[in-house]
Amino acid sequence: MYRTHTCGQLRAADEGKEATLSGWVARRRDHGKLIFIDIRDRYGLTQVVFIPKEAPAAYALAQELRSEYVIKVTGRVNRRPQNTLNPKLATGEVEILGQKLEILNASLTPPFEIEDESEINEEMRLKYRYLDLRRQKVFGNFALRHKLYTIIREYLNAGNFLECETPILTKSTPEGARDYLVPSRVNQGMFYALPQSPQLFKQILMVSGIERYYQIAKCFRDEDLRADRQPEFTQLDIEMSFVQEEDIFSLTEGLMQKIVRELKGVEIKVPFPRLTYAQAQEKYSSDKPDLRPETGEQFAFAWVVDFPLFKFNAEENRWESEHHPFTSPHPQDIDSLESAPDKVRSRSYDLVLNGTELGSGSIRIHRPELQEKIFKLIGIDAEQAQKRFGFLLDAFKYGAPPHGGVAFGVDRLLSLLAGESSIREVIAFPKNSAAVCPLTGAPSEVEERQLKELGITLLRRKPQA
């Protein structure tokens with residue numbers, strides 16, 4: 001048996017019990033005739049004292065202990081003397097009088113101290129992420145992430161949603177950011193794309209009659225990085241049939257209310273304020289305004305609605321979708337699609353939290369004739385539309401229900417809840433600002449044999465170091 005208790009479990013009421021703990025040596029202090037060590041696991045930290053006359057063999061072995069050694073210790077739970085109590089620790093009223101000690105594994109000297117207060121270069125932290133994650137503050141972000149997922153699933157499952165996975169290897173549909181491409185060995189010269197979002201598949205699920213879908217989905221975008229961007233990120237993806245904007249707003253507000261209440265102990269007011277895109281730009285010069293000075297709320301949510309349906313691409317001299325080409329135009333503006341495309345409002349909406357765009361969504365186009373008109377306006381003819389999106393358009397011919405959805409950046413939400421300035425702090429193994437994984441060294445070169453199997457020849461390859 002490696003443990004009878006965790007390192008954060010023992011209290012004064014356990015005095016006199018025999019306990020076995022396993023974990024890492026957080027620190028060791030040699031006071032001559034006494035050796036103190038703090039043993040740590042994910043649950044907390046407990047002080048252990050070794051005394052030569054009580055357990056000479058354990059005391060002798062304790063002299064070999066160093067920081068981050070993995071150990072198992074058995075002993076009696078004692079109350080600490082009154083002048084040595086540690087109110088900062090949950091276990092601060094007790095210590096273990098060590099009677100047996102086993103070194104389960106040794107450790108090299110860590111490149112930095114495993115302390116919450118330590119100031120450590122981010123590149124170093126990410127290179128040795130397995131050590132960084134041992135710090136309680138860092139670990140706390142991932143405990144928070146787990147709780148968030150639990151709350152999401154509880155809320156949506158209670159609302160009769162089905163959690164459905166969609167493919168990771170899919171078809172490239174060049175719209176928006178650049179795709180990450182994956183070459184096919186079996187079909188040489190052909191490529192899969194990693195999904196920028198499950199957009200097309202979730203709409204097909206609506207055609208399938210799923211009606212209420214969600215997924216905590218991995219998404220991939222090949223774009224320049226910043227504090228709130230990563231090449232791979234997680235979004236909460238939701239789609240519903242037979243809904244309008246208010247249905248989605250109400251569902252979302254209830255979810256956010258539950259999340260903030262259960263994770264932060266704060267009650268937020270609903271419904272959230274609503275601003276049109278034009279109002280937000282006029283009053284705040286931003287489509288993601290921070291309403292905290294006005295509302296007095298630490299968490300200030302707002303909806304921004306009625307975005308333009310199109311934006312003009314001067315370089316290509318054509319209109320293109322502001323959001324994506326499956327976003328429905330505002331019903332009152334449909335007659336202006338061809339005569340005044342710059343005036344057409346979309347049925348899209350963004351959820352903003354504290355000046356950060358948390359998520360976005362829209363009511364989708366479900367009628368083929370309207371979809372064809374939108375494609376034509378943005379310069380996609382019938383042949384191109386079939387080549388890019390044929391599998392979705394074909395599905396729409398078999399009775400697509402009215403539907404809409406929303407997707408939220410889980411990493412952005414977590415960083416705001418945790419009070420972190422970068423989403424890298426809430427991702428277990430993130431990439432750095434150069435889109436490199438400091439832990440593994442990815443991306444990396446591959447062997448010529450692998451390229452040959454894929455039918456790929458590089459135009460230029462860096463010489464091996």
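The values are calculated or read from the model by the stated rules, or taken from the named source; none is laboratory data. Please read these numbers as outputs of a predicted model, since none were measured by experiment. Quick reminder, even Gly has a Cβ in these numbers, built from the backbone with ideal geometry, and neighbours come from all protein chains shown.
Scanning segment 369-379 turns up no residue that is in a loop (DSSP other than H, G, I, E, B) and closer than 26 Å to D247 by Cα. When Y155, Y149 are checked against the criterion of being under 18 Å from A407 (Cβ atoms), surrounded by fewer than 17 Cβ atoms within 10 Å (Cβ to Cβ) and in contact (Cβ under 8 Å) with a residue 24 or more places away in the chain, Y149 stands alone in meeting it. When the strands (runs of 3 or more DSSP E) confined to segment 260-329 are screened for residues that are in the same structural domain as N141 (by TED's automatic domain parsing) and free of Cβ contacts under 8 Å to residues at least 40 places away in the same chain, those reaching at least 1 such residues are found at 274-276, 310-313.
Scanning segment 346-364 for residues that are more than 15 Å from A278 (Cβ to Cβ) and among the small types (G, A, S) turns up G355, G359, S360, G361, S362.
Residues in segment 13-44 that are in contact with a strand residue (DSSP E or B) (Cβ under 6 Å, 6 or more places away or on another chain) and small (G, A, S): A19, S22, G23, A26.
Does at least one position in segment 121-139 carry a residue that is closer than 30 Å to L205 by Cα and of a type in the set (D, E)? Reasoning before the result, please.
So in segment 121-139, the residues closer than 30 Å to L205 by Cα come out as none.
Checking segment 121-139: not a single residue is closer than 30 Å to L205 by Cα and of a type in the set (D, E).
Looking for whichever is in contact with a Gly (Cβ under 9 Å, 6 or more places away or on another chain), in contact (Cβ under 8 Å) with a residue 12 or more places away in the chain and surrounded by 15 or more Cβ atoms within 10 Å (Cβ to Cβ) here; the options are R27, R40. Which one fits?
Working: R27 fails: in contact with a Gly (Cβ under 9 Å, 6 or more places away or on another chain).
Exactly one residue qualifies, and that residue is R40.
Here are some conditions: (1) touching a helix residue (DSSP H, G or I) at 6+ places or on another chain (Cβ under 9 Å); (2) over 19 Å from K288 (Cα atoms); (3) not aliphatic (A, V, I, L, M). N354 meets all but one. Which one does it not meet? Condition not satisfied by N354: (2). Say we look at segment 76-113 and pick out the residues that are in contact with a strand residue (DSSP E or B) (Cβ under 7 Å, 6 or more places away or on another chain) and β-branched (V, I, T); which of these is nearest to F50 (Cα to Cα)? Restricting to residues being in contact with a strand residue (DSSP E or B) (Cβ under 7 Å, 6 or more places away or on another chain) and β-branched (V, I, T), the top hit is I96. Residues that are more than 16 Å from G361 (Cβ to Cβ), crowded, with 18+ Cβ neighbours inside 10 Å and not aromatic (F, W, Y) within segment 229-263 comprise R229, Q230, P231, T234, Q257, I259, V260, listed in sequence order.
If you take the residues in segment 264-276 that are crowded, with 17+ Cβ neighbours inside 10 Å and in contact with a strand residue (DSSP E or B) (Cβ under 6 Å, 6 or more places away or on another chain), which one is nearest to T150 (Cα to Cα)? Quick ask: steps written out before the conclusion?
Quick first cut of segment 264-276, residues crowded, with 17+ Cβ neighbours inside 10 Å only: 268, 272, 275.
The next check asks that each one be in contact with a strand residue (DSSP E or B) (Cβ under 6 Å, 6 or more places away or on another chain); those that pass are 272, 275.
Values: F272: 24, L275: 31 Å.
Ranking the qualifying residues of segment 264-276, first place goes to F272.
Select from segment 355-376 the residues that are surrounded by fewer than 20 Cβ atoms within 10 Å (Cβ to Cβ) and in contact (Cβ under 8 Å) with a residue 60 or more places away in the chain and write down the one among them that is nearest to F408 (Cα to Cα). Only one residue fits best here, namely E357. In segment 43-96, of all residues being aromatic (F, W, Y) and under 23 Å from E113 (Cα atoms), the one that is surrounded by the most Cβ atoms within 10 Å (Cβ to Cβ) corresponds to Y69. Considered as a group, the residues in segment 158-176 that are of a type in the set (G, A, S) and surrounded by 15 or more Cβ atoms within 10 Å (Cβ to Cβ) include one that is farthest from Q450 (Cα to Cα), and that residue is G176.
Scan segment 378-395 and tell me whether some residue there is touching a strand residue (DSSP E or B) at 6+ places or on another chain (Cβ under 8 Å) and over 28 Å from G209 (Cα atoms). Yes, the conditions are met somewhere in segment 378-395.
On the basis of being at pLDDT 90 or above, assigned to a loop (DSSP other than H, G, I, E, B) and surrounded by 14 or more Cβ atoms within 10 Å (Cβ to Cβ), does F429 make the cut? Considered against the rule, which asks whether it is at pLDDT 90 or above, assigned to a loop (DSSP other than H, G, I, E, B) and surrounded by 14 or more Cβ atoms within 10 Å (Cβ to Cβ), F429 comes out as yes. Pairing residues of segment 119-136 that are farther than 15 Å from R424 by Cβ with residues that are not in a loop (DSSP other than H, G, I, E, B), at Cβ distances under 7 Å and at least 6 apart in sequence or on separate chains, gives R134/W24. Do you know which residues across segment 389-411 are buried (at least 18 other Cβ atoms within 10 Å of the Cβ) and part of a loop (DSSP other than H, G, I, E, B)? Of everything in segment 389-411, just one residue is buried (at least 18 other Cβ atoms within 10 Å of the Cβ) and part of a loop (DSSP other than H, G, I, E, B), namely A400.
Count of segment 113-130 residues, restricted to those that are touching a helix residue (DSSP H, G or I) at 6+ places or on another chain (Cβ under 8 Å) and at pLDDT 95 or above, is 2.
Each row is one residue, and each column tells you yes or no for (1) loosely packed, with under 15 Cβ neighbours inside 10 Å; (2) under 20 Å from T252 (Cα atoms); (3) under 28 Å from the mean Cα position of the chain (by Cα).
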{"residue": "A300", "(1), (2), (3)": "no, yes, yes"}
{"residue": "D306", "(1), (2), (3)": "no, yes, yes"}
{"residue": "F326", "(1), (2), (3)": "no, no, yes"}
{"residue": "P329", "(1), (2), (3)": "no, no, no"}
{"residue": "I334", "(1), (2), (3)": "yes, no, no"}
{"residue": "K343", "(1), (2), (3)": "yes, no, no"}
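Report whether or not Q215 is under 25 Å from the mean Cα position of the chain (by Cα), touching a residue at least 12 places away in the same chain (Cβ under 8 Å), farther than 14 Å from T166 by Cα and surrounded by 18 or more Cβ atoms within 10 Å (Cβ to Cβ). No; evaluated as a whole, the condition is false for this residue.
Can you tell me how many residues in segment 232-254 are of a type in the set (A, V, I, L, M), in a helix (DSSP H, G or I) and farther than 26 Å from A177 by Cβ? Walk me through how you get there before you give the answer.
Step one: of segment 232-254, the residues of a type in the set (A, V, I, L, M) are 236, 238, 240, 243, 248, 251.
Among the residues that remain, those that are also in a helix (DSSP H, G or I) are: 248, 251.
Cutting the leftovers down to farther than 26 Å from A177 by Cβ gives us 251.
So the count comes out to 1.
Among residues of segment 287-298 being under 25 Å from the mean Cα position of the chain (by Cα) and surrounded by fewer than 19 Cβ atoms within 10 Å (Cβ to Cβ), the one that is nearest to G359 (Cα to Cα) is K288.
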